[in-house]
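The values are calculated or read from the model by the stated rules, or taken from the named source; none is laboratory data. Since the model is a prediction, treat every value here as computed from it, not as a measurement. Heads up, the Cβs are rebuilt from the backbone with ideal geometry, glycines too, and the neighbour counts pull from every protein chain shown.
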Amino acid sequence: MKKTLSTILSLAIAFSMFSSSALAATTTTKAKSSKDFTDLMNLDNVTKEKYDELIATSVFDGIAEGTFGLKENMNRAQFAKVAALIFGLPVDMTLTTSSFSDVSGGDPANGYAMPYIEAIVKAGITDGVAEGKYDPTGQVTKEQLAAFLLRGLGLEENAQNITAIQDASVSDWAKGYVALALDRGLMSNSINGTFGGTTAASRELLAMASYESKYQIKSVFSGKYAIASMKATDANVLSIRLNGVVADTSAVTFALTKNGLPVADGYTTSWSADKSTAMLTFDTKFDDASWTATLGGLSSIDEAGQTAKATTVKEKIAKIELVTTSDTLPNNPSAKLRIDFKATNQYGKQSSVSASEFDLHASLGSVTPIGGEQAFYLTLPSTLNRDDRLSLTVIHQDSGTQANKVFTIGDARIVSKVELGDLLGTSGSVISSIESNSYAYLDLKVYDQYGLRVDALDELNKGVTVTFSDSDLDKGNEGESGAFVDNAVGDDAADLKLRAISDKVKDVVVTVFANGSGESVTKTVPIIATNVPSSVQFGTYSYTLAKGDAPSGDESLDAKLYLPLIVKDDQGNTLSAQDIYDNRDKFTIYSSGGVTLADQPISNSGSNKGKIAIAGVNTKGSSIITVQLKDNPQVQTQLKVNVNDERKADTIMFSQAPAKYMTAGTDNEMKIKLYDQYGSELKYDANGQYLVRYSLTASGGDEASLAATSLSSAQRVDESDATSARKYVLQPTKIGQAVTRDFHLAADSSDTSNDSIYDKSFKFYTAADAKAANYTYKATLYKQDSTGTVTINGNSYVEVNNLSTTMEVLDPSNVNTNLTYEAYLDKSIDNTMLAADDFMSVGTGAQGASTMYDTYKPFTKEVKIRATKDKGDEVKVSSNIVSLTSSDPQVADVASKSKDKDSTHYIAGGKEGQAAVTVMFYDGKKNMQTSSLKVSTKKEAPAVSSLKLKKTGKSVSMADLQAGLYLWDAKLGEKLTALDQYGDEIVGENAPGTMNEEGQANDNMLVRSKGVGYNGNELLKLSFYVSDISGANPDAVSVDENTGFIQYTGAADDVTSFKVNVIAPSGEQASFDVDVK
């Protein structure tokens, strides 16, 4: 049989011409219809209309006067005529000879078909059965018919590329054709669920398949897309075929109307395998209605074919069949026998109408419909004899359709046959394997000797035996002997349950026996171990360890004490940090040398979750950390680390360098950090051996005005009073005078007695009357040493390192000072911000912006002014803004309350879009300037990209916890910082209402409490929860999942320790360990 053929449709005619004179009967006799054939009279009206069209166009005629021959098998001569007419092939009626030796125009039975045979051969639909042989009287099988029709439709290549059907009743060569014919709705499976590919095709099948084919003839694509056809193909499916293949079906849109009203939802769209036909499947079935569809979304559309129309009618049951292969029922008095039937609608598809919608009758016994299925239980009477007869009837009153069958009573039931299907998950979906330590179901159908399904739990457990090739797979519910369990998935039948009872990965052969016949079937079931460790290796670790290293409670500083792991399961999937922690008992972890691991080596702490935690480093030298899988010790990995000398301060560097230039009336921040000899941050000085001396010298300027400039701490003397003096001030009043101040580091993370110089905020402050001046700043790092030559407070020190910089106060009014100014959005990424009104309906314009500022200030943006010198150097200037104006207040606008007491200005987003914000301000010369900002707003929920706690663990008194604390309280994590995709920085620091070192309210942007703060977490959706609770009463501690407010309601020792976790929808998380004291 020919497998590769050319496309035949360049001369095909559209089937809108199906009733034209080109296909009309050539006689002048009265046109026939289904009414003229006795075997068509009882068909439903929809099916009759299909036959009427085929008969009227002479594609079909009867086999005898008054007889159509529905059930007669079709021969190859008949098919040739039908195919030639269906596909509009050019037929040469003047031919007198054939290319086949067994085809002759003089053949009284089949000679009429000679020109049609030559036409389909020329078109490539078939090339005969052998060299020079066509076999016009031979039958056409169902699978051959599928191939012929698809070739006629030009779908040969599609059939070769589609996933082949898995059906033993279809020959291997035809499985692609059959799969595509089923996919396109040309043909359907037999009543028993198989295709029956090698069985002969009837004239009825040829007629209906040909009729379906006419709507799928490929149109010649002109370069512009159009709707080729639109029709209902099931009770809730509209099929819209385009005149060409669409590469990106997601771009295609259809504007639908029903009875003139738009239809925007209530359906889903899928596409045929060749991407030319869209199937719109509606949530509800059709009623009588008129529909239109207008094509859109494509760049090139033919307006003449852009819209199509179709009508739908209420579903009707066209045919009912009792699905039984035998006319005999088993003699099982009082037992329930499952009887399946199939109700086909006018579209040739099985209806979804369940058995309860049908009238069911039995001449003996009683019937009970099975919910949601086209099946019922027949309960036989208690006294029946072999060869008794019983009649079953199924009636659909609304359609007037019925089926009846008479059965003979046979022998008692035995299980005779088992058919295995797919492996099913707990939701009933097909899966390819069973998860270790989990279960699944093996889909199967069990039949008795008469072909009736056996589905009762007791009958299946008695009549079916299930064995395994390996004991790691078991059957049924744990503790029960039966393999089958009550209906869990699929239909009402009991289900075969399989349980994988170990973590081991393997293939297990399942054998299922039909006890009555001894027949068996097998299936290989893979057991996999998803998220169960199968391989392990260390991740990238680039830190340096030193003798004396130990956890400090500072997350960033302690990062070096956590060793990353890369763990994969047997499928090659990388386990998440949570998965690694959940599987912690499956690892053996130990170390040699000076590194001591934590009691529970796998950490459950925030960003270090799933890593190996180091508890301390005691001695210098090499150390090896080994990780093994307990179940398979041969799987292991090792990491060799070198422990170096104890850390010592080595370098002092800016963590924030001050700008080189500034003007009067502003500030200029700087901070320094210390680093050890390995380049790591050195935050603490347990022995108090280090000192940092700040020195500020005025090297030039107007000596009379030097007092207007100082280098001072942000910290105030009285941190509750924002008007009190700065605590540390360096303020030279004479040219050449060096003013100094000495500072220390904190002893550890709990030391509050020292104002640690590490990363401490200092600022150059210039008053409004500051004049031009030059300053030199120097920071010198000293270490206490008896051999040192520098004496400070009676102790000898040696200098370790220093850094210095200069800072110049500029006079903008000087003609030689040329500055370039611009406005910018502080803490912004590409000037984007949340389209708040689109996202949460807060309103637009000034009112909406004010609502955002008052309630969700972290998601607004502050407008600031910056300046540069002529060579691009930054100059710190004051933001002397006069006004802000938006080109589109609906997109972005200025809050009416946006001018704070410190003269800051804010804008907020409304609708999604773009707007230009014009900023008017005074420059240093008191000239008015304008600057424009292009702002984009997006309707995207704030997505957390980073989530950090300042501290990761502390001991906290029970009394403090009983009073209630937020996670970011000074007694807990101190500060929680979340960053989103807009550059917004949402911070919770210390308790609401507390003051920072400058005497200003601490940032409280996550939760508004006691009239203080903002409701940032309403947008971030951070979730808080407690885990790892130790103690006799775990319920004694809780956290509000939305606010992070922690409360202890128990007595002493009810809870001794616990972990507070915070996680964002994006997956970012942090955690804090609490020891209750």
* Would you be able to say whether some residue in the range 642-655 is of a type in the set (Asp, Glu) and part of a loop (DSSP other than H, G, I, E, B)? => yes
* Of the numbered conditions (1) in contact with an Asp or Glu (Cβ under 7 Å, 6 or more places away or on another chain); (2) aliphatic (A, V, I, L, M); (3) buried (at least 20 other Cβ atoms within 10 Å of the Cβ); (4) modelled with pLDDT under 95, Leu972 satisfies every one except a single condition; which is it? -> (1)
* To do: Need at least 3 residues that are in contact with a Ser or Thr (Cβ under 8 Å, 6 or more places away or on another chain) per element, so show me which strands (runs of 3 or more DSSP E) inside the range 878-969 make the cut, counting only ones lying wholly within it.
  => 881-886, 892-894, 905-909, 913-922, 928-938, 944-949
* Structure fact -> Per the filter on the range 101-115, residues assigned to a loop (DSSP other than H, G, I, E, B) and either touching a residue at least 12 places away in the same chain (Cβ under 8 Å) or surrounded by 14 or more Cβ atoms within 10 Å (Cβ to Cβ) (or both) are Ser101, Asp102, Val103, Ser104, Gly105, Asp107, Ala109, Asn110
* Residue in the range 311-327 that is touching a Phe, Trp or Tyr at 6+ places or on another chain (Cβ under 8 Å), buried (at least 17 other Cβ atoms within 10 Å of the Cβ), modelled with pLDDT under 95 and among the hydroxyl-bearing types (Ser, Thr, Tyr) present -> yes
* Answer yes or no as to whether Glu459 is part of a loop (DSSP other than H, G, I, E, B) and modelled with pLDDT of 90 or more. => no
* Please specify each residue of the range 786-826 satisfying the condition of being loosely packed, with under 12 Cβ neighbours inside 10 Å and β-branched (Val, Ile, Thr). => Thr787, Thr789, Thr791, Val815
* Which members of the range 664-676 meet the condition of being hydroxyl-bearing (Ser, Thr, Tyr) and more than 16 Å from Leu711 (Cβ to Cβ)? -> Tyr675
* If you take the residues of the range 147-185 that are among the basic types (Lys, Arg) and in a helix (DSSP H, G or I), which of them is farthest from Lys349 (Cα to Cα)? -> Arg151
* To do: State yes or no: is Ser1009 within 24 Å of Ser603 (Cα to Cα) and polar (S, T, N, Q)?
  => no
* Residue check, Leu337 assigned to a loop (DSSP other than H, G, I, E, B) and not assigned by TED's automatic domain parsing to the domain that holds Gly185 -> no
* Can you name every residue in the range 701-746 that is buried (at least 16 other Cβ atoms within 10 Å of the Cβ) and either small (Gly, Ala, Ser) or assigned by TED's automatic domain parsing to the domain that holds Lys975 (or both)? -> Gly701, Ser705, Ala708, Ser710, Ser712, Ser713, Ala714, Ala746
* To do: Filter the strands (runs of 3 or more DSSP E) completely within the range 481-541 down to those with at least 3 residues that are charged (D, E, K, R).
  => 495-500
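So that you can scan it fast, the table gives a plain yes or no per residue for (1) closer than 26 Å to Ser945 by Cα; (2) crowded, with 17+ Cβ neighbours inside 10 Å; (3) touching a Lys or Arg at 6+ places or on another chain (Cβ under 7 Å):
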| site | (1), (2), (3) |
| --- | --- |
| Gly993 | no, no, yes |
| Glu997 | no, no, yes |
| Gly1016 | yes, yes, no |
| Lys1021 | yes, no, no |
| Ser1027 | yes, no, yes |
| Ala1032 | no, no, no |
| Ala1036 | no, yes, no |
* To do: Can you give me the number of residues within the range 381-406 that are over 18 Å from Thr325 (Cα atoms) and either in contact with a Lys or Arg (Cβ under 7 Å, 6 or more places away or on another chain) or touching a residue at least 24 places away in the same chain (Cβ under 8 Å) (or both)?
  => 14
* Can you name every residue in the range 1005-1022 that is touching a Pro at 6+ places or on another chain (Cβ under 8 Å), under 30 Å from Thr1056 (Cβ atoms) and at pLDDT 90 or above? -> Val1007
* To do: Scan the range 174-185 for residues that are in contact (Cβ under 8 Å) with a residue 40 or more places away in the chain and crowded, with 24+ Cβ neighbours inside 10 Å and jot them down.
  => Leu180, Arg184
* Out of all the residues in the range 377-384, is one or more aliphatic (A, V, I, L, M) and not in a strand (DSSP E or B)? -> yes
* To do: Any chance you could count how many residues in the range 577-597 are free of Cβ contacts under 8 Å to residues at least 40 places away in the same chain and in contact with a helix residue (DSSP H, G or I) (Cβ under 9 Å, 6 or more places away or on another chain)?
  => 1
* Just a yes or no: is a residue in the range 688-696 part of a strand (DSSP E or B), within 30 Å of Lys925 (Cβ to Cβ), out of contact with any helix residue (DSSP H, G or I) (no Cβ under 7 Å at 6 or more places or on another chain) and not assigned by TED's automatic domain parsing to the domain that holds Tyr922? -> yes
* To do: List the number of the failed condition for Ala1051; all other conditions in (1) assigned to a loop (DSSP other than H, G, I, E, B); (2) under 36 Å from the mean Cα position of the chain (by Cα); (3) farther than 20 Å from Lys951 by Cα hold.
  => (2)
* Single residue of Gly872, Gly913, Gly845, Gly924 found to be free of Cβ contacts under 8 Å to residues at least 24 places away in the same chain and either exposed (fewer than 14 other Cβ atoms within 10 Å of the Cβ) or not hydroxyl-bearing (Ser, Thr, Tyr) (or both) -> Gly872
* Structure fact -> Of all strands (runs of 3 or more DSSP E) fully inside the range 197-265, the set with 2 or more residues that are closer than 14 Å to Thr277 by Cα and either at pLDDT 90 or above or not assigned by TED's automatic domain parsing to the domain that holds Ala174 (or both) is 227-234, 237-242, 253-258
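Residue-by-condition table, conditions (1) modelled with pLDDT of 95 or more; (2) farther than 30 Å from Tyr728 by Cα; (3) over 37 Å from the mean Cα position of the chain (by Cα):
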residue	(1), (2), (3)
Gly572	no, yes, no
Asp585	no, yes, no
Pro601	yes, yes, no
Ser605	no, yes, no
Asn618	no, yes, yes
Lys660	yes, no, yes
* **Number of positions in the range 971-1008 that are in contact (Cβ under 8 Å) with a residue 12 or more places away in the chain, outside any loop (DSSP other than H, G, I, E, B) and either closer than 22 Å to Asp960 by Cβ or not small (Gly, Ala, Ser) (or both)** => 12
* Structure fact -> Residue hits (the range 407-418; part of a strand (DSSP E or B) and within 17 Å of Leu322 (Cβ to Cβ)) are Phe407, Thr408, Ile409
* Residues satisfying the stated conditions in the range 552-573, i.e. closer than 21 Å to Phe587 by Cβ, in a loop (DSSP other than H, G, I, E, B) and either outside the structural domain of Gly593 (by TED's automatic domain parsing) or not acidic (Asp, Glu) (or both) -> Pro564, Gln571, Gly572, Asn573
